[in-house]
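Written out below as structure tokens is the structure these notes cover.
Since every read-out is calculated from the coordinates, none of them should be taken as a lab result. As the structure is a computational prediction, the values presented were derived from the model and not from experiment. Cβ placement follows ideal geometry from the backbone for every residue including glycine, while neighbour counts extend to all protein chains displayed.
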Ligand SMILES: Nc1ncnc2c1ncn2[C@@H]1O[C@H](COP(=O)(O)OP(=O)(O)O)[C@@H](O)[C@H]1O
Ligand SMILES: [Mg+2]
């Protein structure tokens, strides 16, 4: 396995070295489900696309197909088809509103550990091509402390952690960060985590929620969480989901619509690529495969 990892590192490095485009990857996660990850991923994606970025949303929350429902699109192929059935990157991208692309993870993420060496090299080359085609990739993960989610988070350079004022949302967010902090692959030098407070009554409550979480994180986990901002509780969010028309398009001037536009503008204005190796989607998957293979060998 080690020389396979070595081989992959080389492959990605070669491609990184030649002044190719490398996508900015933003991973959206939460401790608890149902806090707004998918809705936030879709709306931030659309706003970032409006600002002139080529955006892809990748659904890594296999099992649930809620982004498809939110966008009212039905992809024909998914990541597993890319890995096992000879499909190309372009085959698995479905166009959504404002020209955003959508990639469904399908069972692909589950199956990363059972790839042969040849399949890994093949997948990596296709992901290098995806880096080329894209400016920003937003990965919508499942909730919770499932290993697959934590590995995505640890392998990402930028993470958005979504929490709501519900008490369980905050304790679950803390549990996620605590488990993440124990992973050897995780370090705040390489992964920037910013919290979004969703469904808050007002901005002060959002800030307070962030401070509550950051106090325990800095005290017990010894790192600082950053704050991206808040999104108010707004019934238009649910209406937008039911009508399959994202809120930044259907009600851009609603409370949540405006907040999402502000958050996207902040994200668009604050990209500082990490100096280390966590760059792009090919690199991210290389790291993921490395750690999943390692933990499989151990366990
Ligand atoms: N700001 C908000 N205001 C009101 N309802 C919201 C808001 N954000 C999310 N929701 C509701 O929460 C539900 C779950 O959102 P979703 O994005 O599917 O969460 P997740 O992906 O984290 O499971 C949505 O159906 C929506 O009705
Ligand atoms: Mg979701």
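Helix 203-216 and the long axis of the chain differ in direction by around 50°, with both axes built from C-alpha atoms. Each label was represented as a point 7 Å from its Cα along the Cα-to-Cβ direction; for residue 295 and residue 73 these points are 3.0 nm apart. In a Gaussian network model over the chain where Cα atoms closer than 10 Å are linked, find which of 82, 160, 115 has the largest mean-square fluctuation. Sorting by GNM fluctuation, first place goes to 115.
If eta is 0.890 mPa s and T is 25 °C, what Stokes-Einstein diffusion coefficient results for the range 132-196, Kirkwood Rh from Cα pairs, in µm²/s?
Numbers: Rh = 12.6 Å.
Answer, rounded: 195 µm²/s.
May I ask you to derive the relative contact order of the chain, considering only C-alpha pairs under 8 Å and at least 6 residues apart, and to give it as an integer percent? Reported relative contact order: 26 percent.
In this entry, the range 137-273 is assigned a mean projected area of 8.5 nm², taken as a quarter of its C-alpha convex hull surface.
Extension gain, residue 118 to residue 208: 0.36 nm times the residue separation minus the Cα-Cα distance gives 27.4 nm.
Binning the C-alpha pair distances of the range 86-145 at 10 Å intervals from 0 yields a P(r) profile of 17, 51, 28, 4 %, listed from the shortest bin outward.
Given a Förster radius of 45 Å and the C-beta distance between residue 125 and residue 222 as r, what FRET efficiency does 1/(1 + (r/R0)^6) yield to the nearest 0.05? Kindly include the intermediate steps, with their values, before the conclusion.
On the way: r = 39 Å, r/R0 = 0.86.
The formula returns an efficiency of 0.70 here.
For the range 36-189, the C-alpha radius of gyration sits at 1.06 times the compact-globule guess of 2.2 N^0.38 Å, with N the residue count.
On the beta carbon distance between residue 253 and residue 21, with R0 = 45 Å, the FRET formula returns roughly 0.85.
Given the DSSP H assignment, sum -39500 (n - 2.57) over each helix run of at least 4 residues in the chain and divide by its residue total; what's the result at 222 nm in deg cm²/dmol, nearest 500? Provide the component values of the computation, followed by the final result.
On the way: 13 runs with 147 residues, N = 299.
Value at 222 nm, helices only: -15000 deg cm²/dmol.
Given R₀ = 51 Å, what would the calculated FRET efficiency be for residue 262 paired with residue 175, taking r from the Cβ atoms and rounding to 0.05?
Working: r = 29 Å, r/R0 = 0.57.
With R0 = 51 Å, the Cβ-Cβ based efficiency is 0.95.
Counting only alpha carbon atoms, the long axis of helix 2-17 and the longest principal axis of the chain meet at about 70°. Run the Debye formula on the Cα coordinates of the chain, all scatterers equal and no solvent, and tell me log10 I(q)/I(0) at q = 0.13 1/Å. So the normalised log intensities work out to -0.87.
Between the range 177-211 and the range 25-48, how many Å separate their Cα centres? About 14 Å separates the Cα centre of the range 177-211 from the one of the range 25-48.
Within the chain, DSSP assigns beta bridges of which about 5% are antiparallel (rounded to the nearest 5).
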